[in-house]
Structure formats: structure tokens, C-alpha cells
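Worksheet: the structure to be examined is printed underneath.
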Amino acid sequence: MSAVAGFVRNVVTVLSAFVGIRRKQDHDEAAASLTPLQVIVTGVLLAAAFVAILILGVRILIRIA
């Protein structure tokens, strides 16, 4: 598996965990192929990106108002 495909799979796994939608088969496959460190780092980065997007959105809305 290429590095890009592995990264995309990791991001999809973490995003689906954020939303709470995972099939058992997908969960088992992800658990077999991903390390806990990969999942933790991806989760922290995606959470930081989410917070940054929220802050940016609020600042834009405040500036418009």
C-alpha cells in the first residue's frame, strides 16, 4: 500500500470515528493495519484543524456583522 493510500485510509478511519459510523468489518480491518500512534496523531491533527476552521468561521462572521 502506498503512503498516500495509507494516509487516506487513516484519515477516513478517524473521521468515521468522529462521526460514530463504522461497520464491524471496517473496524477490524483498520485495527489490523493501523498502529495506535497513527490513529492518535491523525485524530489530534484533525481535531486541531476542526477547531481552527471553527475559529476562522466565527472571525469571518464577526467581521461581516
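None of the figures in this text is laboratory data; all of them are computed from the coordinates on show. Remember, it's a predicted structure, so these values are computed and weren't measured experimentally. Virtual Cβ from ideal backbone geometry, glycine too; neighbours counted across all protein chains shown.
Data table
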| read-out | value |
| --- | --- |
| Residue within segment 36-43 that is within 17 Å of the chain's Cα centre (by Cα) and surrounded by fewer than 10 Cβ atoms within 10 Å (Cβ to Cβ) present | yes |
| For Val11: the one exception among (1) over 14 Å from the mean Cα position of the chain (by Cα); (2) surrounded by 13 or more Cβ atoms within 10 Å (Cβ to Cβ) | (1) |
| Residue that is farthest from Leu15 (Cα to Cα) [pool: residues in segment 33-65 that are hydroxyl-bearing (Ser, Thr, Tyr) and in a helix (DSSP H, G or I)] | Ser33 |
| Those residues of segment 14-32 which are surrounded by 10 or more Cβ atoms within 10 Å (Cβ to Cβ) and outside any helix (DSSP H, G or I), in sequence order | Arg22 |
| Near pairs, Cβ below 9 angstrom, 6+ apart or cross-chain, from segment 2-24 (more than 15 Å from Ala49 (Cβ to Cβ) and free of Cβ contacts under 8 Å to residues at least 60 places away in the same chain) to any residue that is aliphatic (A, V, I, L, M) and not in a helix (DSSP H, G or I) | Gly6/Leu34; Arg9/Met1; Arg9/Leu34; Thr13/Leu34 |
